[in-house]
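The next block holds one structure in the form of structure tokens; read it before the comments.
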Amino acid sequence: MPKAFAPGKCILFGEHAVVYGHPAVAVAIDSGVEVEIKKSDSWTIDGMPLEIDRHPHISHILKDIFEYDGDPLEIRISSGLFSTAGLGSSAALSNAVGAALEVIIDENHEIDKVALARIGHSAEAKAQNGRASPTDTATSAIGGCIVVSGNDVEGTEHIFSASLETPEGTRTWSIGKVVIPEEIDAWLVLGFTGKASPTGDMVSGVARLLKEEPKKIEEMNAIANITQAGLTALSSGNVEAVGMAMNACHERLRNIQVSSPELDSLVDAVRPHSFGAKLTGAGGGGCMVALTRYPQRVAQEIEIAGGKPLISRLGAEGVRLVN
Ligand code: PMV
């Protein structure tokens, strides 16, 4: 009866700019999705009959990737992530389903994180009309701190390359990792606004803005510079500088109109007790993230300001089997 866990993710730097070829930096968080699969007499998901079309990630992994034709399966899912909040819950689900299913098929199978990242990416693409960046799935599978870019990024260790046939042509990415020094004494606190983060709408909104005001492309270049500075600060364990880069990144994201009053108010509420804070992911709704030495205090500030907090270490372990 294999059980697998895959973490969610949070983007520290580079959201939106990554759509224009710049790097994005994401970290795996402690919360994620656990999936338990066992052979059964009938197909069920969380005790209900499995309607395969309602679960495009799972159906793609079962049918297209593993071409599974064995006994019916009972699938149980439990998630510690806010959904539609930009925390990568569908990527975590795909990675955990892939890991558990590999063991159903071959009980001696050992986890191959890169293979699972590829399976997860394929499932995300299938569920999103052929368009998906590998950021969420790679971060959830590999864990730690992951950098995704069109090209290799200085100061990162290359792990694998991914490509995808999209409606706009072939896209390729380089996925690298950065080791965060263990002695870092700081926590991430995410704050969910309670509103869904409509990634597609936000990305189209930015594209529209850039068409109307071409000078705004400078904001993207600025985000790319901040991302590089943030990465250097992260790998040397300079939390003060990471926080400054987060604050600067939030201002640039505001300038491209992807923040919201709710995100700004959570960011403002936590700044006095944080190294830095910014919205994370697509914006519009979804989450903000703070880097702090006082996670409980910051979590309280988020609750008082009307958000839902989630505390995490900075870069959790990737997909794994659990007992
Ligand atoms: O909110 P999320 O995790 O879906 O983040 C989206 C990140 C974007 O850069 C806005 C879009 C993308 O495809 O990278």
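All of the numbers you see were taken from the coordinates with simple rules; none came from a lab. Only a predicted model underlies this, so the values are computations on that prediction, with no experimental measurement involved. Cβ atoms come from the backbone with ideal geometry, glycine included; neighbour counts cover every protein chain shown.
In nm, what is the difference between 0.36 nm times the number of residues separating Asp41 and Leu321 and their Cα-Cα distance?
98.4 nm
Kindly express, to the nearest 10 degrees and within the range 0 to 90, the angle between helix 89-105's C-alpha long axis and the longest C-alpha principal axis of the chain.
30
Connecting C-alpha atoms closer than 10 Å in a GNM of the chain, tell me which of Glu15, Glu183, Glu74 has the biggest fluctuation.
Between Glu15, Glu183, Glu74, it is Glu183 that shows the largest mean-square fluctuation.
Can you list, bin by bin at 5 Å, the percent of alpha carbon pairs in region 136-260, starting at 0?
In whole percents, the pair-distance histogram is 2, 9, 14, 18, 22, 20, 12, 3, 1, 0.
Can you give the FRET efficiency to the nearest 0.05 for Tyr68 and Thr172, using r as the Cβ-Cβ distance and R₀ = 30 Å?
Taking R0 as 30 Å, the efficiency between Tyr68 and Thr172 is 0.55.
Per DSSP helix of 4 or more residues, -39500 (n - 2.57); summed, then divided by the residues of the chain. What does that give at 222 nm, rounded to the nearest 500?
Details: 9 runs with 114 residues, N = 323.
Helix contribution divided over all residues of the chain: -11000 deg cm²/dmol.
Between the alpha-carbon centers of region 11-44 and region 282-302, tell me the distance in whole angstrom.
Taking the Cα centre of each part, region 11-44 and region 282-302 sit 19 Å apart.
In the structure shown, do any of Lys9/Lys211; Lys177/Lys278; Lys9/Lys126 have a Cα-Cα gap over 28 Å, and if so which?
Lys9/Lys211
Specify the residue with the greatest mean-square fluctuation among Trp187, Trp173, Trp43, computed from a Gaussian network of the chain linking alpha-carbon atoms under 10 Å apart.
Taking springs between Cα atoms under 10 Å, the residue moving most is Trp43.
Residue by residue through region 127-143, which ³J(HN,Hα) values in whole Hz follow from phi under the Karplus form 6.51 cos²θ - 1.76 cosθ + 1.60 (θ = phi - 60°), with glycine and proline marked x?
Each residue of region 127-143 in turn: 7, 10, 6, x, 10, 7, 7, x, 4, 5, 5, 5, 5, 5, 6, 7, x Hz.
Using 0.36 nm times the number of residues separating Glu212 and Gln296, minus their current alpha carbon distance, what extension gain do you get?
Roughly 26.0 nm would be gained on extension.
Running a GNM on the chain with Cα contacts under 10 Å, which residue among His158, His55, His121 ends up with the highest mean-square fluctuation?
Among His158, His55, His121, the largest GNM mean-square fluctuation belongs to His55.
Bin width 20 Å, alpha-carbon pairs only: give the P(r) of the chain as whole percents, running from 0 to the bin holding the largest distance.
34, 57, 9, 0
Could you work out the relative contact order of the chain, using alpha carbon pairs under 8 angstrom and six or more residues apart, expressed as a whole percent?
The value is 24 percent.
So how do Asp201, Asp30 line up by other beta-carbon neighbours within 10 Å, fewest first?
Placing the least packed residue first, the sequence is Asp201, Asp30.
How about Lys38: which lysines have a C-alpha closer than 21 Å to its C-alpha, ignoring those fewer than 8 places off in the same chain?
Lys3, Lys63
What is the angle, in °, between the Cα long axis of helix 295-304 and the longest principal axis of the Cα atoms in the chain? Nearest 10 is fine, range 0 to 90.
80
Rank-order 293-305, 77-89 by packing density, defined as the average count of other C-beta atoms within 10 Å over each peptide's residues, highest first. Display every interim value, and only then the final one.
Working: 293-305: 17.9, 77-89: 21.4.
Result, highest mean first: 77-89, 293-305.
For region 227-323, what are the per-bin percents of Cα-Cα distances with bins 10 Å wide, up to the bin holding the maximum?
Reading the bins upward from 0: 16, 45, 31, 7, 1.
So what's the angle, to the nearest 10 degrees on a 0 to 90 scale, between helix 199-212 and the longest Cα principal axis of the chain?
40
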